[in-house]
Structure formats: structure tokens, C-alpha cells
Amino acid sequence: MQRRRAGVLYAEAWIIGVHKRVEEFAGVTEEGERAIHAYTQRHYPGVPITKMKRRKLDMDAYRAYIQGKRDGESVSLHKPMGRDEHMLLE
């Protein structure tokens, strides 16, 4: 197996393996959002605050992305031949 391919497979497996921990870490609860808002109002009263986005890792979408990438990499493109070139093969 090529080293690059092994590295890609390792990275993909690692991402799938830790997705739950990342999701838990990256998620902002309502309570956490209130605490962040209170802190920023106290220490940075002039800075506007926007609504925080709730992000969730969609493993089905990620798997579809990876499968599409693999399928795209395995495509074989062929240059079309004209009539004269085809005759040379016979």
C-alpha cells in the first residue's frame, strides 16, 4: 500500500473514531452560551454579540463525501480516437 494512501485511510478512520468527542466538545449548550454572553458583557461591553451556531457533525454526509472522493479518484479517462487513429490499431 502506498504511504500516501495509508495516511489518507488513517486520517479518515481517525476522524470517524473521534467524531463523537469533537461533537460534544464543539457544541455550545444554552447554559454555556449564557455564561459566554455574561462574561463578554462584563469584560467587553462595547463588542456586539451574535447568536452562536450549533454545529453537528453529520457522519452520513461525511461518508458520502469520502465515497465520492474515492469514486472520483478511481475514474479512468480515455482520449477519444479519430477514424485514422483507429485504423492504425488494426
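The values are calculated or read from the model by the stated rules, or taken from the named source; none is laboratory data. It should be emphasised that the depicted structure is a prediction, and the values quoted were computed from it without experimental measurement. No Cβ is skipped: glycine too gets one built from the backbone with ideal geometry, and neighbour counts run over all protein chains shown.
Scanning for something in contact with a Lys or Arg (Cβ under 9 Å, 6 or more places away or on another chain), at pLDDT below 80 and not in a helix (DSSP H, G or I), does segment 51-66 turn up at least one residue? Explain how you work it out, then say what you get.
Going residue by residue through segment 51-66, those that are in contact with a Lys or Arg (Cβ under 9 Å, 6 or more places away or on another chain) are 57.
From the residues that got through so far, the ones that are at pLDDT below 80 too are 57.
Okay, now just the ones that are also not in a helix (DSSP H, G or I), so 57.
Yes, the conditions are met somewhere in segment 51-66.
Can you run down the residue pairs with Cβ atoms below 9 Å, 6 or more apart or on separate chains, where the first is in segment 4-23 and closer than 12 Å to Tyr62 by Cβ and surrounded by 10 or more Cβ atoms within 10 Å (Cβ to Cβ) and the partner is of a type in the set (Lys, Arg) and at pLDDT below 75?
Listed by first residue and then by second, the contacts come to Glu23/Arg55; Glu23/Lys56.
When segment 38-50 is examined, which residues are found to be modelled with pLDDT under 85 and surrounded by 11 or more Cβ atoms within 10 Å (Cβ to Cβ)?
Listed by number, the list holds a single entry, Ile49.
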